[in-house]
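Novice: Handing you this structure, nothing more for now.
The values are calculated or read from the model by the stated rules, or taken from the named source; none is laboratory data. These figures come from a predicted structure and were not determined experimentally. A quick note on method: Cβ atoms are made from the backbone with ideal geometry, for glycine too, and the neighbour counts reach across all protein chains shown.
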Amino acid sequence: MTTENPQPQPLWQPDAQRVARARITTFQRWAADHHGAPAGGGYPALHRWSVDEPETFWEAVTEWFDVRFSAPYARVLGDRAMPGAQWFPGAKLNYAEHALRAAADRPDEPALLYVDETHDPHPVTWADLRRQVGSLAAELRALGVRPGDRVSGYLPNIPQAVVALLASAAVGAVWTSCAPDFGARSVLDRFQQVEPVVLFTVDGYRYGGKEHDRRDVVTELRRELPTLRATVHIPLLGTPAPEGALDWTALTSADTDPVFEQVPFDHPLWVLYSSGTTGLPKAIVQSQGGILVEHLKQLGLHCDLGPEDRFFWYTSTGWMMWNFLVSGLLTGTTIVLYDGSPGFPDTGAQWGVAERTGATLFGTSAAYVMACRKAGVHPARDHDLSAVQCVATTGSPLPPDGFRWLHDEVGEDLWIASVSGGTDVCSCFAGAVPTLPVYIGELQAPSLGTDLQSWDPDGNPLTDEVGELVVTAPMPSMPIRFWNDPDGSRYHDSYFDTYPGVWRHGDWITLTSRGSVVIHGRSDSTLNRQGVRMGSADIYEAVERLPEIRESLVIGVELPDGGYWMPLFVHLAPEATLDEALLTRIKQTIRAHLSPRHVPDEVIEVPGIPHTLTGKRIEVPVKRLLQGTPLDKAVNPGSVDNLDLLRFYEELARSRKRP
């Protein structure tokens with residue numbers, strides 16, 4: 001695929017004053033004086049230097065942001081191998097200590113603004129956040145929590161979740177969380193892998209104007225997690241603590257200064273969960289130091305955040321963007337926590353939250369932007385969004401119509417940042433740059449310190465052509481390992497089996513000759529629904545418990561208008577009928593055992609499910625057929641057990657006129 005118009009006009013261009021005051025501009029000038037960075041050439045020159053001289057660049061980042069090393073590092077990059085890169089060996093630090101530094105200078109200003117579906121902001125000051133973290137960290141230590149122990153949260157996006165994460169990091173424990181709309185099986189598939197010793201939980205949550213009681217799920221989690229030493233009850237719906245559970249208020253009411261455990265740079269900070277196409281979700285471990293320096297760079301330079309900003313991203317605790325949002329504290333920024341439906345009481349609700357909180361950077365999903373466009377929402381007409389400098393989107397590529405709509409309906413001088421990264425690195429490979437123009441349908445540029453390339457199947461770099469998204473040099477926030485992967489084989493096979501020593505992410509990408517980036521969607525079969533990634537195996541495991549279902553196949557298809565079509569194909573058992581009763585049971589099963597987000601858009605009966613010759617379900621070729629790829633280009637016919645079945649899916653795609 002070549003670029004049709006090599007010289008399109010930018011939709012937006014920062015003026016000279018905006019470029020001059022951007023933190024990345026000041027950083028480049030300082031790095032030129034102190035570390036030999038190029039003084040001229042703007043962002044492209046700075047990016048080239050950051051990937052050509054990674055040790056110098058990352059050392060400059062730690063100096064610029066005044067990272068506090070309590071023990072010195074021997075060198076910046078001890079081993080450049082992927083996987084297995086060693087960052088800042090010998091160094092010790094603490095992530096939570098850096099997240100709470102602003103409390104010293106601005107104790108009475110808000111660190112958090114919590115908003116629920118009433119849309120009234122509730123502030124938590126820096127001093128109070130630090131005090132609660134100190135109190136809870138001391139209580140965790142009293143419960144016997146030690147560095148390396150896992151602490152889990154079954155929590156919505158509320159201040160208590162931030163306190164629990166930071167207290168866990170303060171003691172050197174490893175945080176992990178799931179949102180309370182996850183069913184028990186989905187949570188256990190994740191938490192049982194890491195064997196938590198403490199569980200923070202709510203009694204329920206509010207969403208779409210309704211209360212959802214989760215006490216039965218909590219009972220099941222406590223029963224099925226035998227390593228738990230304590231459960232901490234947060235009464236979001238006002239119910240008393242269950243028997244044997246500790247009360248949140250009692251653990252966070254002391255006036256205790258936090259003690260920050262000094263841990264090695266590569267000490268685990270948290271476990272995030274992604275999912276491939278088979279087996280349990282991958283338990284991805286990222287380090288205290290790696291996340292600290294990557295997020296300082298991403299938030300402080302690319303997102304241009306500082307103490308005067310308010311950072312709102314619509315997310316849940318089951319998505320890496322929640323962890324990314326919490327890291328806004330590292331730059332002294334006030335972060336906005338919204339707990340509720342993105343479209344309650346109406347589709348434009350998030351714009352109301354941005355107005356009420358004075359958000360300067362508002363992050364959301366591409367799907368939400370497109371939903372607002374289709375619903376005829378007029379954000380700037382109906383809300384005072386004068387504080388909003390940037391609207392950022394992720395979860396899926398923002399379609400061209402989304403760029404135009406934001407420009408027309410939010411502001412002509414709006415910085416639109418479509419960003420792309422992954423749970424796997426808890427950051428962005430490409431996206432926001434405050435000093436570069438914005439072109440419709442494109443991400444502005446690869447991120448600093450990210451050697452992002454597009455490769456053909458033979459590993460040749462491509463420009464202005466679609467290829468595989470690869471990263472050819474290590475990033476500090478790449479996983480230090482997967483949990484329960486002692487020989488590293490699952491980690492290796494997830495990213496490094498296609499191009500040895502090079503990270504292959506699983507996205508189709510174009511790097512333009514102007515230096516911008518276009519993301520075309522997944523090149524694998526991972527489901528990406530509203531920014532929450534889930535493997536097809538999770539769906540199969542739930543659906544195929546039903547006796548009427550012989551086998552199933554689920555596909556997620558990115559649509560040109562920014563939508564996402566997720567059909568579930570079912571091969572029924574003999575005598576079974578796909579009637580309304582069975583349809584209802586299929587959807588209820590997925591909703592209860594996995595997540596409401598992963599209920600399929602349609603359930604379609606098929607004569608059979610195609611497989612490889614080794615018996616693996618064929619997902620990516622079916623996805624390509626549904627996107628309009630001819631059969632001979634979608635699959636190698638010699639690898640398929642029944643080519644006629646694939647012809648059925650090809651004809652289905654043609655008859656539905658789907659892309």
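Novice: For the range 323-342, name all the residues that are in a loop (DSSP other than H, G, I, E, B) and touching a residue at least 60 places away in the same chain (Cβ under 8 Å).
Specialist: Taking the range 323-342 and keeping what is in a loop (DSSP other than H, G, I, E, B), we get 332-333, 339-342.
The answer is G332, D339, G340, S341.
Novice: Tell me which residues, restricted to the range 365-408, are in a helix (DSSP H, G or I) and aliphatic (A, V, I, L, M). Let's see the steps before the verdict.
Specialist: The initial filter retains those residues of the range 365-408 that are in a helix (DSSP H, G or I), namely 366-375, 379-382, 400-408.
Selection gives A366, A367, V369, M370, A371, A375, A380, L406.
Novice: Can you tell me which residues in the range 218-268 are in a loop (DSSP other than H, G, I, E, B) and among the aliphatic types (A, V, I, L, M)? Please lay out each step first, then the result.
Specialist: Our first condition is that a residue be in a loop (DSSP other than H, G, I, E, B); within the range 218-268, this holds for 225-229, 235-245, 253-262, 265-267.
Listed by number, the residues that qualify are L225, L228, L236, L237, A241, A245, A254, V259.
Novice: Same structure again: Looking at the range 449-463 only, could you name the residues that are among the charged types (D, E, K, R) and within 27 Å of the chain's Cα centre (by Cα)?
Specialist: Our first condition is that a residue be among the charged types (D, E, K, R); within the range 449-463, this holds for 451, 456, 458.
If the condition is that a residue be among the charged types (D, E, K, R) and within 27 Å of the chain's Cα centre (by Cα), then D451, D456 are the ones that fit.
Novice: Out of all the residues in the range 40-62, which are free of Cβ contacts under 8 Å to residues at least 60 places away in the same chain and closer than 22 Å to A91 by Cβ?
Specialist: Filtering the range 40-62 down to residues free of Cβ contacts under 8 Å to residues at least 60 places away in the same chain leaves 40-41, 45, 48-49, 52-53, 55-56, 59-60.
If the condition is that a residue be free of Cβ contacts under 8 Å to residues at least 60 places away in the same chain and closer than 22 Å to A91 by Cβ, then E53, E55, T56, E59, A60 are the ones that fit.
Novice: List the number of the failed condition for P6; all other conditions in (1) at pLDDT below 95; (2) assigned to a strand (DSSP E or B) hold.
Specialist: For P6, the failing item is (2).
Novice: Oh, and also: Does R404 count as touching a Gly at 6+ places or on another chain (Cβ under 9 Å) and of a type in the set (K, R)? Walk me through how you get there before you give the answer.
Specialist: Numbers: touching a Gly at 6+ places or on another chain (Cβ under 9 Å): no; of a type in the set (K, R): yes.
So R404 does not fit the description; no.
Novice: Oh, and also: Having 2 or more residues that are modelled with pLDDT under 90 and not aliphatic (A, V, I, L, M) is the bar; report the strands (runs of 3 or more DSSP E) wholly within the range 495-601 that clear it.
Specialist: Working: elements: 503-511, 517-522, 527-529, 532-534, 549-554, 567-572.
Hits in the range 495-601: 503-511, 517-522, 527-529, 549-554.
Novice: Sticking with this structure for a sec: Which residues, counting only those in the range 106-137, are free of Cβ contacts under 8 Å to residues at least 40 places away in the same chain and of a type outside the set (A, V, I, L, M)?
Specialist: P107, D108, T118, H122, P123, T125, W126, D128
Novice: When you check V271 against the structure, is it in a loop (DSSP other than H, G, I, E, B) and at pLDDT 95 or above, yes or no?
Specialist: Numbers: in a loop (DSSP other than H, G, I, E, B): no; at pLDDT 95 or above: yes.
It is false that V271 is in a loop (DSSP other than H, G, I, E, B) and at pLDDT 95 or above.
Novice: Another question about this same structure. So which pairs qualify, if the first residue must be in the range 252-274 and crowded, with 22+ Cβ neighbours inside 10 Å, the second must be in a loop (DSSP other than H, G, I, E, B) and hydroxyl-bearing (S, T, Y), the Cβ gap must be under 8 Å, and the two must be at least 6 apart or on different chains?
Specialist: Listed by first residue and then by second, the contacts come to F265/Y73; L272/T423; Y273/T423.
Novice: So the check is Cβ under 7 Å with 6+ separation or different chains; which pairs have a first residue in the range 344-369 that's closer than 17 Å to P110 by Cβ and a second one that's buried (at least 21 other Cβ atoms within 10 Å of the Cβ) and acidic (D, E)?
Specialist: Taking only residues 6 or more apart or on different chains, the pairs are T360/D309; L361/D309.
Novice: Identify, from the list R48, R75, R29, the residue that is modelled with pLDDT of 95 or more, surrounded by fewer than 19 Cβ atoms within 10 Å (Cβ to Cβ) and touching an Asp or Glu at 6+ places or on another chain (Cβ under 9 Å).
Specialist: Values: R48 fails: touching an Asp or Glu at 6+ places or on another chain (Cβ under 9 Å); R29 fails: touching an Asp or Glu at 6+ places or on another chain (Cβ under 9 Å).
One residue alone meets the criteria, R75.
Listed here are the residues, each with its yes/no results for (1) touching a helix residue (DSSP H, G or I) at 6+ places or on another chain (Cβ under 9 Å); (2) closer than 28 Å to G153 by Cα; (3) surrounded by 24 or more Cβ atoms within 10 Å (Cβ to Cβ).
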site	(1), (2), (3)
D304	yes, no, yes
T315	yes, yes, yes
T333	yes, yes, yes
D346	yes, no, no
A354	yes, yes, yes
A359	yes, yes, yes
R373	yes, no, no
V391	yes, no, yes
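Novice: Here's another thing I want to ask about it. Taking only pairs six or more apart or across chains, which ones have beta-carbon atoms under 9 Å, a first residue in the range 432-448 that is touching a residue at least 60 places away in the same chain (Cβ under 8 Å) and farther than 17 Å from Q9 by Cα, and a second residue that is among the acidic types (D, E) and part of a loop (DSSP other than H, G, I, E, B)?
Specialist: That search, which allows pairs on different chains as well, returns A432/D304; P434/D304.
Novice: Going residue by residue through the range 409-430, is there one that turns out to be more than 30 Å from V194 (Cα to Cα), in a helix (DSSP H, G or I) and at pLDDT 95 or above?
Specialist: Yes, that holds for at least one residue.
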